[in-house]
Structures are given as C-alpha cells and as structure tokens.
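Asks: Questions regarding the structure given below will be posed in turn.
The values are calculated or read from the model by the stated rules, or taken from the named source; none is laboratory data. These figures come from a predicted structure and were not determined experimentally. Positions of Cβ are generated from backbone atoms using ideal geometry, with glycine treated the same way; all protein chains shown enter the neighbour counts. Side chains are part of the model used for accessible areas, which takes the heavy atoms of the whole protein and leaves out ligands, DNA and RNA. Shrake-Rupley method; radii C 1.70, N 1.55, O 1.52, S 1.80 Å.
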Amino acid sequence: MTTSTPSNSNYDRFPRVDVPGHSALVGGEQVFDRIGQSAFSRAEMPLVAIDCYPGVDLDALKRDIAGKLPQFDIVDVEAEAAHGEAALSEMMQRWLTEDRVFGVLAPFRLSEFYESEKLEHLRARLAARKRPTVVVGLGATLAAPEADITVLADMPRWELQQRMRKGVPNWRCSNGDEDILRKFKRGFFVEWRAADRHKQTLFDRIDFLLDTTDVDTVKLITGDAFRDGLERASGQPFRVMPFFDPGVWGGQWMKTTCGLDTSAKNYAWCFDCVPEENSLLLGFGNETIEIPSINLVFRHPVALLGDRTHARFGAEFPIRFDLLDTMGGGNLSLQVHPLTEYIQANFGMHYTQDESYYILDAEPGSSVYLGVQEGIEPAEMLESLRVAETGAEAFPAEKFVNQFPAKKHDHFLIPAGTVHCSGAGTMVLEISATPYIFTFKLWDWGRLGLDGLPRPVHIDHGEAVIQWKRDTAFARDQLVDRVEKIASGDGWEEERTGLHHREFIEVRRHWFTKSVTHDTRGTVNVLNLVEGTEAEVSSPTGAFDPYVVHYAETFIVPAAVGKYVISPTARSQGSRLATVKAFVRDTEIDSPASADSHK
C-alpha cells in the first residue's frame with residue numbers, strides 16, 4: 001500500500017538521546033562476531049548467557065546463533081527447565097481471573113516459573129561443558145549466573161503488543177490466536193512484572209545489550225553504552241518515542257499535526273509519555289538503538305523522579321500524557337475510574353487513574369461529558385446502562401450525564417469516581433496518573449471494537465465506584481476550567497489549571513513571548529508545548545545542550561535537572577507560546593485552594 005505523510009509537520013516521531021563516545025554494531029555478522037570474540041577473550045571454553053524479554057523471537061535468535069557462531073552449542077533454558085504451559089497457567093490463574101480485561105498484579109519472581117531441580121541439573125551440565133555454549137531465553141542467567149559474557153535481549157512493550165496482534169503467543173503459551181485483550185492481560189498482570197523484576201538484576205552486569213525490535217536487523221551495544229545512555233537521559237530533557245494507534249472513535253487531527261499516514265482510516269491515540277509502554281531511542285552516530293523507556297525509571301529512579309516522588313511511588317513513573325483524537329471521529333466510551341481503595345483491594349495497584357482532559361483543539365459545538373445530572377436516580381441510570389448492554393436500546397447519555405461545551409485550552413478535571421468521556425470533535429491532551437488500563441466502560445455507544453468483538457463494559461465495577469454527588473453543580477464549580485493566575489513577569493504568565501484537590505498531580509500553564517525560568521523543585525516535570533510552533537529548553541548553567549520541542553510534543557525534564565529555561569526559538573519569535581507542565585504535588589506547597597473556597 002502506498003502511504004502518504006504531510007510535508008509541513010515538524011512533529012518529531014523519532015526523538016533520540018544521543019550518547020557520544022560509543023558505537024553500535026548492526027547486522028548478525030558484526031553482532032555475533034563481537035559476542036564470540038569477547039567470549040573467547042575471557043575463557044577457552046566460554047559460556048554466554050543471552051537473557052531475553054518476553055516477545056523476543058527466540059527461534060530466530062537461535063537460528064542466528066547457529067549460523068553465526070557454529071562453534072557454540074545452544075541451550076534453550078526455557079525448553080530445558082521452565083514449567084509446562086498447563087502448570088504455568090494453573091499457577092497464574094488466581095491472578096488472571098476470568099475477566100477479559102482485568103487481573104491482579106502478581107508478585108512472582110521469574111525463578112518460580114522454572115523447575116528448581118531442572119535448573120540445578122542444567123547448571124551442573126553447563127559447569128561440565130566440553131564445548132563453548134550459549135544459553136538463551138528468558139531466565140538464561142538463572143541457569144548461567146557466572147557466564148563469561150552476559151547479554152540482555154530486551155523488548156519494549158509496544159513492540160511486544162504489535163507482535164501479539166500478529167499472532168505471537170504469550171510466554172510459553174500456545175494462545176497465538178486468543179483475544180488480544182486476554183493476551184495483554186496475561187502479560188500486564190503477570191509475565192511482564194516477573195520479567196521486569198528479573199531484568200533489573202542484570203543492568204549492572206550485562207556486557208552487551210541486543211536490540212531485536214527490528215525483526216530483520218539485530219543491533220548491539222556494550223553494557224557500558226547502555227548504562228551511559230540511561231545516565232545521560234537522567235540529567236537532561238528528553239522525549240520517549242510516541243506511538244499511534246487507530247480506534248473505533250479515532251479522528252483525523254493527528255494525521256496532519258504529527259506527520260502520519262494520511263491514507264490511514266483514523267488515529268485515536270498517541271501515547272507519548274507512558275514509560276511502561278514507550279521506547280527510548282539512544283543515538284550512536286548514524287545508528288539508533290531502541291530500548292524500553294521503563295529501563296530509565298528502573299535504573300535512575302531518584303535522578304529521574306526526585307527523592308520525594310521516588311519515596312512515594314518507588315521505581316514507577318506516576319504521570320502519563322497521551323493524545324486522544326476525536327476530530328472527525330466519535331465519542332469516547334462513557335467511563336469511570338476506580339477509587340484508590342477499590343483499585344488496591346481488587347487489582348493490587350497502589351494508586352488509581354485520576355486524570356484530566358486538556359483541550360488542544362476543538363470543533364465548534366463539541367463537548368465533554370462530565371459528572372451526573374442533578375436529581376437523577378442512580379438505580380435508574382444503572383438499569384438503563386444494563387439494558388443498553390444487552391443491545392435492547394441505546395443508553396440516553398444526555399438524560400443522565402452532563403455535557404459541558406469544550407473549546408481550545410479548556411481543562412476538565414476528572415478525579416477517580418467521576419463519570420466522563422470526551423465527545424466527538426475534540427483533540428484531548430490527557431494528563432493523568434499512570435494506571436491507564438483501569439477504565440470501567442459503562443457505555444460504548446453500541447460499537448464493536450476494531451477486532452469485530454463487542455468492546456467490554458464493566459457496569460458492576462462502575463456501580464461500585466461512581467460518585468453520585470459529582471453532579472452538575474459539583475462539576476461546574478470544581479472540575480471545569482479552574483484557572484487561577486499564579487505569577488507573571490516580563491513576557492510570561494503562569495496559571496494553575498488543575499488538577500482537583502483529590503488528585504496528586506499539579507498542572508501549571510505558562511503563556512510566554514520571552515524566556516521563562518522553570519525549576520523542577522526536586523520532582524520530575526512532564527510538559528507539552530500546547531501553543532506555538534516550537535520552543536527551546538536550555539540550562540542556565542550549560543548542564544545540557546539546548547533542546548528543541550515542537551507543537552504537541554510531550555517532553556520530560558528529570559528532577560535532577562533543577563532549573564531550566566524555555567524560550568521561543570527564532571522560528572517562533574513574535575508569537576505567543578504556551579506549555580502545560582505536570583508534576584507530583586507537594587502538599588505543603590502546591591495544594592490548590594480548598595473546594596470550599598471555590599464555592
């Protein structure tokens with residue numbers, strides 16, 4: 001299929017963190033020659049461990065090793081020592097539940113997926129080996145903890161999900177043709193958690209990192225290059241690689257603004273700051289290495305997040321930015337997010353998905369559904385939702401849920417428990433807490449998903465968390481465009497736009513025609529250029545190179561940066577620009593005025 005992309009977009013879809021002083025090897029011949037040479041430089045009968053994240057094409061990797069390193073025996077640790085599919089599924093079942101979407105975050109260590117006696121036997125075999133040997137697979141280092149060379153073959157979650165959509169099964173499963181939501185659930189709640197815990201133990205010891213995200217071209221960097229790249233990113237502004245996805249309600253705005261394929265039917269989402277999902281691109285001259293951006297959170301949580309944010313959340317990135325495009329599309333699903341105690345009790349997550357909609361653009365007459373109508377009977381609304389779920393009749397959303405007009409630069413606050421959705425004709429920058437999977441759909445306007453299956457709704461979960469007092473007056477007074485001027489200076493003005501006092505994220509908007517000095521104040525900042533062509537982020541002390549961001553791009557400023565300056569570039573001089581900035585609220589400093597003071 002011939003594709004077409006707009007030529008006037010300056011949105012950077014492949015942002016990199018350049019890592020000087022290192023290089024990358026590309027292609028199987030170079031990659032495996034380097035691994036082999038390094039192995040023989042350390043031992044006459046070397047042992048190499050290539051530890052793989054779920055989703056890495058293990059069969060292709062073994063073929064490469066066999067073809068490029070014929071002098072090495074190959075041991076597949078998964079085939080040799082992992083529990084069988086039935087045993088693994090039985091072990092995981094209580095955490096997966098029968099629900100199509102939701103499970104419970106599982107506490108497994110990777111070693112629990114292996115038979116201990118078989119691992120012990122395999123270690124003894126490897127210790128007595130008579131030939132050079134490569135142990136490969138998820139958990140290779142469990143069998144070869146003292147390997148002469150250790151390699152991590154990593155996999156970003158987004159690439160892994162694309163492979164699942166094309167039929168790749170879960171780890172050690174034969175479920176390639178299963179519903180993608182169930183495959184994702186098994187990964188999200190169980191497999192990826194164990195794999196993440198395991199790979200963090202390897203960061204200090206790996207000799208090489210193997211990039212297998214391109215199925216046709218493997219790439220290799222040294223462990224030192226990997227570690228230096230993460231350290232470099234932890235001390236400067238950077239962006240993760242955004243990814244775009246179609247949806248049943250998707251629109252057309254991002255095609256032009258973000259330089260996407262104009263022949264595609266639509267784009268619904270852009271995930272441009274979800275470190276659990278996104279890739280981080282490391283630049284080595286003309287070559288780019290793709291790694292999971294969550295590695296940076298794991299490796300440098302204090303430098304990235306800040307001490308107090310790390311103390312509160314651990315090695316998790318708590319803020320998510322993404323774009324929701326319904327311009328020329330349809331309504332989002334009517335939904336609600338769980339209260340903190342509900343997500344803790346039912347899903348094992350320690351904080352919930354508070355969020356907000358910042359309107360980047362809007363068609364005339366567009367709106368946001370937010371809060372229930374005053375005076376409604378909850379039982380009547382719930383019964384109407386259940387009837388709609390059967391397909392007998394449509395849910396009359398306007399009877400039960402408020403609609404507020406939406407225009408460019410409005411900000412709608414959505415604390416957990418509030419019924420909401422964006423209507424058609426809006427371009428939303430969603431600013432939220434990170435647990436993005438925990439959305440209880442109440443009504444999806446009678447649509448099927450792109451897979452042809454009904455999109456799942458969770459009315460019982462919704463009933464348990466809907467806050468019925470979040471009605472018309474509450475939404476109007478506390479949730480709709482609560483803008484408060486904070487400060488101003490020569491050529492700039494700062495406003496608080498949210499979030500609600502029940503949410504832990506603070507959002508500030510800066511309008512500027514001249515330079516504005518910011519300070520991370522010890523916590524990670526996440527920003528988006530919501531007005532203007534481009535801006536430059538610089539260090540007042542020269543601690544990092546000037547960094548240019550473009551309209552609608554989300555960028556991250558690590559806590560360790562401290563003070564930084566955002567200025568118009570030559571291209572945007574004379575224009576009024578704006579950024580929105582989100583950070584974890586310091587309750588002693590950043591708390592907005594109480595709800596009572598707004599009445």
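Asks: Keeping all protein chains in the complex and leaving out DNA, RNA and ligands, what accessible area do you get for S116 with a 1.4 Å probe, in Å² to the nearest 10?
Replies: 80 Å²
Asks: What whole-number value in Å² describes the accessible area per residue of the stretch 66-150 for a 1.4 Å probe?
Replies: Ligands and nucleic acids excluded, the figure is 47 Å² per residue.
Asks: If R₀ is 25 angstrom, what is the calculated FRET efficiency for the pair A128 and T217, using the beta carbon separation as r and rounding to 0.05? Please list the in-between numbers first.
Replies: Numbers: r = 36 Å, r/R0 = 1.45.
Working from the Cβ atoms, E equals 0.10.
Asks: Starting at the first residue of the stretch 439-451, write each ³J(HN,Hα) from the Karplus equation 6.51 cos²θ - 1.76 cosθ + 1.60 with θ = phi - 60°, in whole Hz, x for Gly and Pro.
Replies: 10, 9, 6, 9, 7, 10, 6, x, 8, 9, x, 4, 7
Asks: Follow-up. With labels modelled as points extended 7 Å from the Cα through the Cβ direction, what inter-label distance (nm, one decimal) is found for S575 paired with N10?
Replies: 0.6 nm
Asks: Going by Cα centres, the stretch 469-541 and the stretch 319-380 are how many Å apart?
Replies: If we compute the Cα centre of each part, the gap is 20 Å.
Asks: Stick to Cα atoms and the Kirkwood definition of Rh, then tell me Rg/Rh for the chain.
Replies: Working: Rg = 25.0 Å, Rh = 25.5 Å.
Rounded to two decimals, Rg over Rh is 0.98.
Asks: Can I ask one more? Taking R0 as 56 Å, what's the FRET efficiency between S116 and S23 from their Cβ-Cβ distance, rounded to 0.05?
Replies: Working: r = 41 Å, r/R0 = 0.73.
With R0 = 56 Å, the Cβ-Cβ based efficiency is 0.85.
Asks: Sticking with this one: If you rank H350, H510, H550 by how much accessible surface each has, with a 1.4 Å probe, what is the order from largest down? Present the calculation step by step, with values, prior to reporting the outcome.
Replies: Numbers: H350 80, H510 5, H550 30 Å².
The residues order as H350, H550, H510, largest area first.
Asks: Now a separate question. Counting only protein chains, not ligands or nucleic acids, how are Y53, Y547 ordered by accessible area (probe 1.4 Å), most first?
Replies: Details: Y53 10, Y547 40 Å².
From most accessible down to least: Y547, Y53.
Asks: Carbon and sulfur atoms: what percent of the 1.4 Å accessible area of the stretch 269-399 do they account for? Don't skip to the answer; put the middle values down first.
Replies: Details: 2070 of 4350 Å².
Here it works out to 48 percent.
Asks: To the nearest 10 Å², what's Y11's accessible area with a 1.4 Å probe?
Replies: Accessible area, nearest 10 Å²: 20 Å².
Asks: Right, next: Could you state the accessible area per residue of the stretch 422-470 in Å², with a 1.4 Å probe and every protein chain left in place? Numbers along the way, then the final one.
Replies: Details: 1700 Å² over 49 residues.
For the stretch 422-470, the per-residue accessible area is 35 Å².
Asks: In nm, to one decimal, how far is the modelled label at K514 from the one at F40, with both set 7 Å along Cα→Cβ?
Replies: My value for the distance between the label points is 6.6 nm.
Asks: Still on this structure, please answer the following. Can you tell me how much longer the chain between A543 and H350 gets when fully stretched, taken as 0.36 nm per residue apart minus their C-alpha distance, in nm with one decimal? Write out the running numbers ahead of the final one.
Replies: Numbers: separation 193, 0.36 × 193 = 69.48 nm, distance 3.53 nm.
Extra length from A543 to H350 when fully extended: 65.9 nm.
Asks: Roughly how tilted is helix 85-96, in degrees to the nearest 10 and between 0 and 90, from the longest Cα axis of the chain?
Replies: Helix 85-96 and the main axis of the chain meet at about 30 degrees.
Asks: A further question on this structure: Roughly how tilted is helix 28-42, in degrees to the nearest 10 and between 0 and 90, from the longest Cα axis of the chain?
Replies: Once rounded, the angle reads 60 degrees.
Asks: Under a Cβ-only charge scheme (Lys and Arg +1, Asp and Glu -1), can you give me the dipole magnitude of the chain about the Cα centre, in debye to the nearest 20?
Replies: Numbers: 63 positive and 87 negative charges, 95 e Å.
Dipole size: approximately 460 debye.
Asks: Please state the charge dipole magnitude for the stretch 338-446, taken about the Cα centre, from unit charges on C-beta atoms (+1 on K and R, -1 on D and E), reported in debye and rounded to the nearest 20. Don't skip to the end; give the middle numbers.
Replies: Details: 5 positive and 15 negative charges, 39 e Å.
Roughly 180 debye for the stretch 338-446.
Asks: What residue among I221, S575, V457 has its Cα farthest toward the positive end of the dipole of the chain, where the charges are +1 on Lys, Arg and -1 on Asp, Glu, each on the Cβ?
Replies: Sorting the options by dipole projection puts first I221.
Asks: Treating the angle as unsigned and between 0 and 90°, give the value, to the nearest 10°, between the Cα long axis of helix 58-68 and the longest Cα principal axis of the chain.
Replies: 40 degrees
Asks: Let me ask something additional. Using +1 at the Cβ of each Lys and Arg and -1 at the Cβ of each Asp and Glu in the stretch 328-476, identify which of F400, G446, Y357 lies farthest towards the dipole's positive end.
Replies: Y357
Asks: So what's the back-of-envelope 222 nm ellipticity for the chain, counting only DSSP H runs of four-plus at -39500 (n - 2.57) apiece and dividing by all residues, rounded to 500? Please list the in-between numbers first.
Replies: Details: 19 runs with 157 residues, N = 599.
Calculated at 222 nm, the ellipticity per residue is -7000 deg cm²/dmol.
Asks: From the protein chains alone at 1.4 Å, what is the descending order of accessible area for M92, M45, largest first? Show your work: numbers first, answer last.
Replies: Values: M92 0, M45 70 Å².
Putting M92, M45 in descending order of accessible area: M45, M92.
Asks: To the nearest 10 square angstrom, how much accessible area does K68 have with a 1.4 angstrom probe?
Replies: Counting only protein heavy atoms, the figure is 60 Å².
Asks: Taking the Cα centre of the stretch 73-173 as origin and charging only Cβ (+1 Lys, Arg; -1 Asp, Glu), how large is the dipole, in debye to the nearest 20?
Replies: Values: 14 positive and 16 negative charges, 55 e Å.
Once rounded to the nearest 20, the dipole reads 260 debye.
Asks: Note down the nm distance, to one decimal, between modelled labels 7 Å out along Cα→Cβ at K265 and at D460.
Replies: Output for this residue pair reads 3.2 nm.
Asks: Shifting gears a bit: Contour minus end-to-end for Q93 and L448, with contour as 0.36 nm per residue of separation and end-to-end as the Cα-Cα distance? Let's see the in-between values first.
Replies: On the way: separation 355, 0.36 × 355 = 127.80 nm, distance 2.76 nm.
Contour length minus Cα-Cα distance gives 125.0 nm.
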